[in-house]
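Each remark here refers to the structure printed beneath this line.
What follows is calculated from the coordinates using simple rules that are stated; it is not laboratory data. Remember, predicted model here, so these are calculated numbers, not experimental data. No Cβ is skipped: glycine too gets one built from the backbone with ideal geometry, and neighbour counts run over all protein chains shown.
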Ligand code: IVH
């Protein structure tokens, strides 16, 4: 083999190994940047030696030429669907039926998340990806080979030595939620079509005639069964067959489990239900499959689905209802949000009466009107939203909704700031609605966490003139409270006690409680641990803040303007006088912070860190990170292609280290 070909083989193997570690084992061993570097190297060699390009090279995923249409593919073995159960009772009946038919008790099930994407069949011939097809009507699908080849989680070539002549795997193509959001954000900026949910996005991507476009979509794949296999396989169970699929380099869902009987199924269903909001992909239930393959054969099929498997669906998270009215809400920072008041409807097990319409542009885009029948979606704990109007059900004579021109709470003229989609009331804390929201935020769980002080009570207290600022809370007396509607003596005393208790807090919670725009829990924690006192925060400069991890110019500006505002300074002063305290931030020891007192500049491109992670590591070790090299700089860390900053450092005789030094620290 000529040496260049040998080198190509080595790089391809490395790239395939990295992809396997990332997608199948879920244990990445190198950074994206390192992968890219190696990939670029391969690309360059292949460009110089086009005759050495093979279809299974990782570079061949970028997407073939556009297609005229999709060829039809007949499935050798039908792609079946699944029966459903919705309740524990139905699940028990399913298990009892199988126990009775098979004479086996208890039955072991392979329990798997039910991925909400698209079923595809992928065929490998002699270990090479040969063909991929959609499920279609179950007997004939569409040829989407060119598109599936662009999915990095699908190997172009199988791993290992024991590869059958022909292997068909079946599984689900999904788009991750994070990828979906990223994609939609970019599509919006470019004025391109956005998708309603990750499933539609995955479907749209697979039905894309230009594979180059599919290549740019963040798709993933998990195998869940075998189709046609040329050799006799000696597996006893479905789960063993999936373990084998994994060794071939194909990703299998890591949450799959073997469970026993209906009780085990139910436990799995609950466990997955709890995990669901934290997963980066959508699932719409779980699937139970009899694990024993011989038993599967014995149980057989009913028309279009196997008798030995069923889907246990989560309650629907989308439902249709009627918009009875549209109101606008004033947020803590003055944002004006239109809200649809709905005819009550149960969505995913919860009764929903309000749904956000986001902003004026969204109302126009979806053309939502009072009286419309709409789809409402509720995902996890987020506020339900109106997804789409059912135009065929629109009542005659319905009117477009227009946003108000003045604040519904304080009547100040609303403004739209440059680059923002939302209307805002600029009155700040002079607006009663914003004042209420600021106090609601101040007492909320992640902030001062005042027990027994709910939104309604805060609103009432502001309306009754009992409180104007968070500081007023700490001067409330029992007599003030018991005059409020439905407030007994006992509740009043309890509330006073909670208020008293909340006085001892932590600096990060206090900073978060102030409700500075763009300062969430994480930023508040950074400010608390890095700046260490409110006094220092009051006078800090934007440039100093920008040196902290994850604080950019916009957030820095928000923080400095918050503390520059006289009214805010007064409230902080009053809060301190009311007796709010926190423990001193512990200063880490010199051993934990070897870089204490050092001013460091990062320059050039780093391969193992992003700028933010490099900066975070340095800060954690006690260093100060600045952007320009001067006599005050103690050290410069220079990555690849470092330019003028490195030259300047050398001129000034400043110590220079490379990226590895930072890695080893
Ligand atoms: S097994 C014969 N396992 O659900 C059984 N399907 O309603 C064939 N699905 O078309 C399917 N996750 O798209 C199976 N872990 C899983 C699944 C799963 C999602 C989808 C698949 C199928 C549909 C059946």
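Run through all the Cα pairs of the chain and give the fraction in each 10 Å bin from 0, expressed as whole percent.
Values per bin, smallest distances first: 3, 11, 17, 20, 21, 17, 9, 2, 0, 0.
When all C-alpha to C-alpha distances in the stretch 471-582 are sorted into bins of 5 Å, what percent of pairs does each bin hold, rounded to whole numbers?
Here the calculated profile for the stretch 471-582 is 2, 11, 20, 20, 14, 11, 9, 6, 4, 2, 0.
Where does helix 521-531 land angle-wise versus the long Cα axis of the chain, in degrees 0 to 90, nearest 10?
Around 60 degrees separate the two axes.
What is the packing order of peptides 646-655, 393-402, 233-242, taking the mean over residues of other C-beta atoms within 10 Å and listing the highest first?
Values: 646-655: 14.5, 393-402: 10.8, 233-242: 16.9.
Most protected by this proxy first, the peptides run 233-242, 646-655, 393-402.
If I stretch the segment between residue 542 and residue 228 completely, what's the gain in nm (0.36 nm per residue apart, minus their alpha carbon distance), one decimal?
Details: separation 314, 0.36 × 314 = 113.04 nm, distance 6.32 nm.
In short, 106.7 nm is gained.
Helix 432-443: angle to the longest alpha-carbon principal axis of the chain, degrees 0 to 90, nearest 10?
Result, in degrees: 70.
Which length gain, in nm to one decimal place, applies between residue 97 and residue 456 when the Cα-Cα distance is subtracted from 0.36 nm times their residue separation?
Working: separation 359, 0.36 × 359 = 129.24 nm, distance 5.12 nm.
My answer for the length gained is 124.1 nm.
Using Cβ counts within 10 Å as a stand-in for footprinting exposure, how do 232, 124 rank, fewest first?
Values: 232 6, 124 23.
Lowest count first: 232, 124.
Assuming R0 = 30 Å, can you tell me the calculated FRET efficiency for the pair residue 354 and residue 581, based on Cβ-Cβ distance, to the nearest 0.05? Walk me through the numbers on the way to the answer.
Numbers: r = 38 Å, r/R0 = 1.28.
Efficiency, from the Cβ-Cβ distance: 0.20.
Taking the chain as the reference, fit the longest principal axis to its C-alpha atoms, fit the long axis of helix 553-564 to the helix C-alpha atoms, and give the angle between the two in degrees, 0 to 90, nearest 10.
Compared with the principal axis, the helix lies near 20 degrees.
Rounded to whole Å, give me the distance from the Cα center of the stretch 207-235 to that of the stretch 424-484.
55
Could you list the square roots of 5 times each eigenvalue of the Cα gyration tensor of the stretch 130-278, that is, the equivalent ellipsoid semi-axes, sorted largest first and rounded to whole Å? Intermediate results must be reported in sequence, preceding the final value.
Values: eigenvalues 167, 104, 34 Å².
Square roots of five times the eigenvalues give 29, 23, 13 Å.
Got a sec? Which residues in the stretch 576-607 would a label at residue 533 touch, if it sits 7 Å along Cα→Cβ and we count backbone N under 14 Å?
Once the point is set 7 Å along Cα→Cβ of residue 533, 582-587 turn out to lie under 14 Å by backbone N, inside the stretch 576-607.
Hey, fewest Cβ within 10 Å first, where do 121, 335 land in order? Kindly include the intermediate steps, with their values, before the conclusion.
Details: 121 25, 335 19.
Ranked by crowding around the Cβ, least crowded first: 335, 121.
Over the chain, what is the mean sequence separation of C-alpha contacts under 8 Å (at least six apart), divided by residue count, expressed as relative contact order in percent? Intermediate values should be presented prior to the final figure.
Working: 1156 pairs, mean separation 60.6, N = 665.
Once normalised by length, the contact order is 9 percent.
If I model a spin label as a point 7 Å beyond the Cα along the Cα-Cβ vector, how far apart are those points for residue 647 and residue 177 in nm?
Output for this residue pair reads 4.9 nm.
Between residue 565 and residue 320, what FRET efficiency follows from the Cβ-Cβ distance if R0 is 41 Å, with the result rounded to 0.05? Numbers along the way, then the final one.
Working: r = 45 Å, r/R0 = 1.11.
With R0 = 41 Å, the Cβ-Cβ based efficiency is 0.35.
Determine the distance separating the Cα centre of the stretch 179-196 from the Cα centre of the stretch 5-49; give it in Å without decimals.
Between the Cα centres of the stretch 179-196 and the stretch 5-49 lies a distance of 29 Å.
For the peptides 556-566, 202-212, what is the packing order when you average, over each peptide's residues, the other Cβ atoms within 10 Å and list the highest mean first?
Values: 556-566: 16.0, 202-212: 19.2.
Result, highest mean Cβ count within 10 Å first: 202-212, 556-566.
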